[in-house]
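The values are calculated or read from the model by the stated rules, or taken from the named source; none is laboratory data. Everything numeric here is computed off the predicted structure, so don't read it as measured data. Ideal geometry is used to build each Cβ from the backbone, glycine not excepted, and the neighbour counts take in all protein chains shown. We work out accessible area using only protein heavy atoms, side chains counted, and drop any ligands, DNA or RNA first. Shrake-Rupley method; radii C 1.70, N 1.55, O 1.52, S 1.80 Å.
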Amino acid sequence: MQTNQKIITKQARYIMVGGFLGAGKTTAICKLAKHLSAQGLRVGLITNDQGNQLVDTAMLASNGFPVEEISGGCFCCRFNSLVDAAKKLSVDSRPDVFIAEPVGSCTDLVATVSYPLRRIYGDEFEIAPLSVLIDPVRAQRVLGLTEGGKFSDKVSYIYRKQLEEADIIVINKRELLTGLELERLRAALLEAFPGCEILETSARTGAGLEDWFQRITTQQQVMRATMPVDYDLYAEGEALLGWLNATVELRSETPFDGNATLQRFAETMQSRLTGQGAQIAHLKMTLDPEAGIGDLAVINLVRNDYVPELSQELQDPLQAGQLIVNVRAEVAPEILKSALDEALASCFGGGGGVHGTLEHIEFFQPGKPQPTHREIVS
Ligand SMILES: Nc1nc2c(ncn2[C@@H]2O[C@H](COP(=O)(O)OP(=O)(O)OP(=O)(O)O)[C@@H](O)[C@H]2O)c(=O)[nH]1
Ligand SMILES: [Mg+2]
């Protein structure tokens, strides 16, 4: 792969990778960070969520990268925290490249993050084009190309707005579609979002990543007119999404298979959630063994009619560990809580085997987005 000499400037490069919940942002960021590190560049990663105790932070940190987490609101509403996070990552030596993952239900990032960063901190940051990743199965449904479980119109409004402001739409997970399906999706995207650049990648297999990395590590974001956003509708869409973050301590008298346990727990959560009419956007969990430094299992489920997939596995059985559960779904947050309670009782409720103790839980719906800055460019 070509060496990106151009990105070593006195400014650090700021790369933001957006896209709806479950599109593959964290997976892709991990690959990008590895790619840049292999070239001798220092990377600093910034994760973001409405709550804390994040699977994404645990996953990226387990891959050896410095990560700062901004919790309790999206980048646009916590703009100063974003700048602080960059400063914290720069304490020892400043990263050449910052890679930031905004919350997957967030939009209007260009006006509220990219442009203010450029105006206020233009001497420090060089802003890359905004990439918006999509899961092609989800995108086909939102664009009306296929049937299947869908979000409501208000949530779909946010999805479409994310695509509208993209400099580059990245059809990720491209191996999930046939060539013909990809052609149709590409045509539908071009019709709905004319003039947008569209790339196809697989963050999992690595296909198409080189071309995308080349663009976001060398190109600058071009200023365009600010996208109109109906903030009331945006807030209503966000409020339809339930959010749950929990931490559970697992313990057993005898060693157990953490991968199989995580799989069984995810399947139990899936059946409880779908049974309650939830539209799952992303159920993700990590299992971090008490003994076994750097070893981490990660499992994800990105829609009701799919299967939970282990994206990282534990090497050895364990006797104790920390389970982090993050769920984002279109359903009332109380339903998420009751699904978790039921799944915990069913899988870790005593009677021998693995025992679970709930250490932390928060469940809520995101509040109305109130950006710190919003730059209007006409
Ligand atoms: N088949 C396939 N799966 C992928 C690919 N990229 C990511 N995934 C899977 O998609 C799921 C979600 O990936 P993440 O990287 O966590 O998605 P995300 O966009 O960061 O999700 P949020 O942070 O919740 O918004 C995981 O199971 C990944 O392994 C890909 O190229 N192909
Ligand atoms: Mg993520």
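Descriptive notes on the structure:
- Residues within the range 34-70 that are part of a helix (DSSP H, G or I), within 13 Å of ligand 2 (Cβ to nearest atom) and in contact (Cβ under 8 Å) with a residue 40 or more places away in the chain, tallied: 4
- Of the candidates Arg160, Arg184, Arg204, Arg174, the single residue that is out of contact with any Leu (no Cβ under 9 Å at 6 or more places or on another chain) and either modelled with pLDDT of 95 or more or surrounded by fewer than 18 Cβ atoms within 10 Å (Cβ to Cβ) (or both) is Arg204.
- Among residues of the range 322-341, those that are within 13 Å of Phe364 (Cα to Cα), within 16 Å of ligand 1 (Cβ to nearest atom), among the hydrophobic types (A, V, I, L, M, F, W, C) and open to solvent by 10 Å² or more (accessible area, probe 1.4 Å), counted: 1
- One residue stands out among those in the range 85-110 that are farther than 27 Å from Gln39 by Cβ and touching a helix residue (DSSP H, G or I) at 6+ places or on another chain (Cβ under 9 Å): the one that is nearest to ligand 2 (Cβ to nearest atom), which is Gly104.
- Test for Ala260: is it free of Cβ contacts under 8 Å to residues at least 60 places away in the same chain, more than 16 Å from ligand 1 (Cβ to nearest atom), surrounded by fewer than 17 Cβ atoms within 10 Å (Cβ to Cβ) and outside any loop (DSSP other than H, G, I, E, B): yes
- Matching strands (runs of 3 or more DSSP E) fully within the range 263-343 where at least 3 residues are away from ligand 2 (no atom under 16 Å from the Cβ) and closer than 28 Å to Ala28 by Cβ: 279-289, 318-330
- Test result for Leu82, away from ligand 2 (no atom under 13 Å from the Cβ) and either in contact with a helix residue (DSSP H, G or I) (Cβ under 9 Å, 6 or more places away or on another chain) or in a loop (DSSP other than H, G, I, E, B) (or both): yes
- Count - residues of the range 14-28 that are assigned to a strand (DSSP E or B), within 11 Å of ligand 2 (Cβ to nearest atom) and β-branched (Val, Ile, Thr): 1
- Counting only strands (runs of 3 or more DSSP E) that fall entirely inside the range 103-179 and contain at least 1 residues that are within 16 Å of ligand 1 (Cβ to nearest atom), the qualifying elements are 131-134, 168-171.
- Some residue of the range 230-247 being touching a Ser or Thr at 6+ places or on another chain (Cβ under 8 Å), among the small types (Gly, Ala, Ser) and buried (at least 16 other Cβ atoms within 10 Å of the Cβ): yes
- Test for Leu233: is it away from ligand 2 (no atom under 16 Å from the Cβ), farther than 30 Å from Asp341 by Cβ and either of a type in the set (A, V, I, L, M) or assigned to a loop (DSSP other than H, G, I, E, B) (or both): yes
- Any hit, the range 69-78, residues being of a type in the set (Asp, Glu), surrounded by fewer than 23 Cβ atoms within 10 Å (Cβ to Cβ), farther than 30 Å from Phe151 by Cβ and at pLDDT 90 or above: no
- The one condition in (1) in a helix (DSSP H, G or I); (2) open to solvent by less than 30 Å² (accessible area, probe 1.4 Å) that Leu250 fails to fulfil: (1)
- Selected residue [touching a Ser or Thr at 6+ places or on another chain (Cβ under 8 Å) and either open to solvent by 70 Å² or more (accessible area, probe 1.4 Å) or closer than 30 Å to Arg13 by Cβ (or both)] from Ile216, Ile280: Ile216
- Checked against the criteria, Pro366 counts as open to solvent by less than 50 Å² (accessible area, probe 1.4 Å) and either without any contact (Cβ under 8 Å) to a residue 40 or more places away in the chain or within 16 Å of ligand 1 (Cβ to nearest atom) (or both).
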